[in-house]
Amino acid sequence: MQSTIQTKYQCTICLSLRIYYLESSSHHKNLERSVNGLFWYSDIHRCKDGMLGINNLHIDKNYAIRSFESLVLPSQKNDKPTLRGLPLPNMKRDRSIESYNITNMMPDKGFRMIIYDHSLNVELNIGRIQYDLEKPEKIIESTNKKVVMAYYPSQIILSSNLIDWFELLVNLLEELPPTSIGLFVETLRYIFRLQLINPTPFHKEIITTIIKSHQIYFKGTDTINKFQDVETRLIDEYDKPSVEIMKELVENLHNRSNYTLKMYTKTHHSDIVYIIYILLILRDEGFVEFVDNS
């Protein structure tokens with residue numbers, strides 16, 4: 001009989017007490033495939049400064065967490081040219097690349113993919129993909145072939161719109177400074193929500209800002225005290241709750257020279273993608289400017 005079991009641990013980064021839920025029968029089936037009596041699961045949660053954190057938990061037959069590790073991507077890229085080719089199905093896995101495994105990017109469903117970033121010398125395996133048993137549905141590579149995505153069959157049908165999103169993503173990962181693994185998952189979740197539409201230049205701005213948000217701060221312009229002059233118009237164009245957040249941001253910027261996204265998500269609003277959307281509107285209205293600290 002299937003029952004839900006909860007197990008607890010403390011995240012060593014944000015220090016919060018985490019509760020992870022397991023389905024008992026599924027867990028014991030998973031353990032049948034284990035060689036060490038443990039099976040791992042990814043706990044994705046709002047961690048330090050409101051950013052997503054990922055801990056991989058190793059759980060035994062008694063539902064005890066025997067160990068866990070927090071996933072942290074390298075902070076520097078290797079600028080040397082790569083001679084590696086595409087990760088075609090008949091190629092063996094490159095053991096020199098450090099592997100980061102994530103069970104799933106969403107609680108119930110999501111993309112299944114492997115992303116190879118040769119400038120970081122890492123691969124991200126999302127969705128428990130078995131190299132030897134599965135073949136990718138589509139391979140997408142960045143312009144200079146430093147970032148390659150292999151998309152595997154999943155609950156999400158690979159549409160032409162989704163391919164456009166993924167092409168945008170791999171090229172941004174190639175062009176931009178290294179991001180955090182939490183912001184990478186945040187970006188995938190954003191794409192997941194908008195997968196039915198074709199990405200626009202504004203969507204590209206949002207994704208770029210998500211990926212770089214740990215290196216960006218924002219500040220008010222000289223016209224920030226004129227926000228009340230356009231408040232009514234903004235409510236008509238957007239909605240009152242969004243304009244209330246805009247007003248709150250503007251008021252905060254009156255009292256400080258700059259503000260980081262981390263500072264705001266930590267104290268005010270945890271949805272970093274929504275805050276980026278609000279900030280881009282304020283920027284386009286001339287009240288805020290972004291400063292890249294990379």
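The values are calculated or read from the model by the stated rules, or taken from the named source; none is laboratory data. A quick note: this is a predicted structure, and the numbers were derived from the prediction, not measured. Glycine also receives a Cβ, built like all others from the backbone with ideal geometry; neighbour counts cover every protein chain displayed.
The single condition from (1) of a type outside the set (Phe, Trp, Tyr); (2) over 19 Å from Asn104 (Cα atoms); (3) free of Cβ contacts under 8 Å to residues at least 12 places away in the same chain that Asn30 fails is (2).
Out of the residues in the range 65-92 that are more than 24 Å from the chain's Cα centre (by Cα), basic (Lys, Arg) and in a loop (DSSP other than H, G, I, E, B), state the one that is modelled with the lowest pLDDT.
Arg84
Could you say which residue among Asn62, Asn125, Asn121 is at pLDDT 85 or above, buried (at least 17 other Cβ atoms within 10 Å of the Cβ) and out of contact with any helix residue (DSSP H, G or I) (no Cβ under 8 Å at 6 or more places or on another chain)?
Asn125 is the lone residue from the list that is at pLDDT 85 or above, buried (at least 17 other Cβ atoms within 10 Å of the Cβ) and out of contact with any helix residue (DSSP H, G or I) (no Cβ under 8 Å at 6 or more places or on another chain).
Each residue in the range 10-35 was checked for being charged (D, E, K, R), within 24 Å of Leu183 (Cβ to Cβ) and not in a strand (DSSP E or B), and 0 pass.
Among the residues making up the range 10-34, those that are basic (Lys, Arg) and more than 24 Å from His45 (Cβ to Cβ) are Lys29, Arg33. Does Glu167 qualify as being among the charged types (D, E, K, R) and under 13 Å from the mean Cα position of the chain (by Cα)? Answer is no for this residue.
For the range 169-182, a residue qualifies if it is surrounded by 20 or more Cβ atoms within 10 Å (Cβ to Cβ) and part of a helix (DSSP H, G or I), and the qualifying residues are Leu169, Val170, Leu173, Ile181, Gly182.
Residue by residue, here is whether (1) outside the structural domain of Met51 (by TED's automatic domain parsing); (2) over 18 Å from Leu124 (Cβ atoms); (3) crowded, with 20+ Cβ neighbours inside 10 Å holds:
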residue	(1), (2), (3)
Glu137	yes, no, no
Glu141	yes, no, no
Ala150	yes, no, yes
Ile156	yes, no, no
Ser159	yes, yes, no
Phe166	yes, no, yes
Ile224	yes, yes, no
Phe227	yes, yes, yes
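Look through the range 128-169, keep the residues that are basic (Lys, Arg) and under 22 Å from Leu71 (Cβ atoms), and return whichever of them is modelled with the lowest pLDDT. For the range 128-169, the residue satisfying everything is Arg128.
Scanning the range 101-117 for residues that are within 21 Å of Lys138 (Cβ to Cβ) and modelled with pLDDT under 90 yields Asn104, Met105, Met106, Lys109, Gly110.
Here's the yes/no breakdown for (1) closer than 18 Å to Tyr116 by Cβ; (2) out of contact with any strand residue (DSSP E or B) (no Cβ under 8 Å at 6 or more places or on another chain); (3) acidic (Asp, Glu):
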site	(1), (2), (3)
Gln130	yes, yes, no
Ile140	yes, no, no
Asn144	yes, yes, no
Ala150	yes, no, no
Pro153	no, yes, no
Leu173	yes, no, no
Pro178	yes, yes, no
Ile181	yes, no, no
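Residue by residue, here is whether (1) under 16 Å from Gln6 (Cβ atoms); (2) free of Cβ contacts under 8 Å to residues at least 12 places away in the same chain; (3) aromatic (Phe, Trp, Tyr); (4) not assigned by TED's automatic domain parsing to the domain that holds Leu261 holds:
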site	(1), (2), (3), (4)
Val35	no, yes, no, yes
Ser42	no, no, no, yes
Cys47	no, no, no, yes
Gly53	no, no, no, yes
Ile59	yes, no, no, yes
Asn62	yes, yes, no, yes
Ile65	yes, no, no, yes
Ser75	no, no, no, yes
Asn78	no, no, no, yes
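Once the range 36-48 is narrowed to residues that are within 16 Å of Phe184 (Cα to Cα) and not in a strand (DSSP E or B), the residue that is modelled with the highest pLDDT is Cys47.
Inside the range 49-64, residues that are in a strand (DSSP E or B) and under 23 Å from the mean Cα position of the chain (by Cα) make up a count of 7.
Hey, does the range 145-159 have a residue that's over 27 Å from Gly53 (Cβ atoms), more than 15 Å from the chain's Cα centre (by Cα), in a loop (DSSP other than H, G, I, E, B) and basic (Lys, Arg)? Yes, some residue in the range 145-159 is over 27 Å from Gly53 (Cβ atoms), more than 15 Å from the chain's Cα centre (by Cα), in a loop (DSSP other than H, G, I, E, B) and basic (Lys, Arg). For the range 94-144, give me each residue that is assigned to a strand (DSSP E or B), of a type in the set (D, E, K, R) and farther than 18 Å from Leu169 by Cβ. Matches in the range 94-144: Glu98 only.
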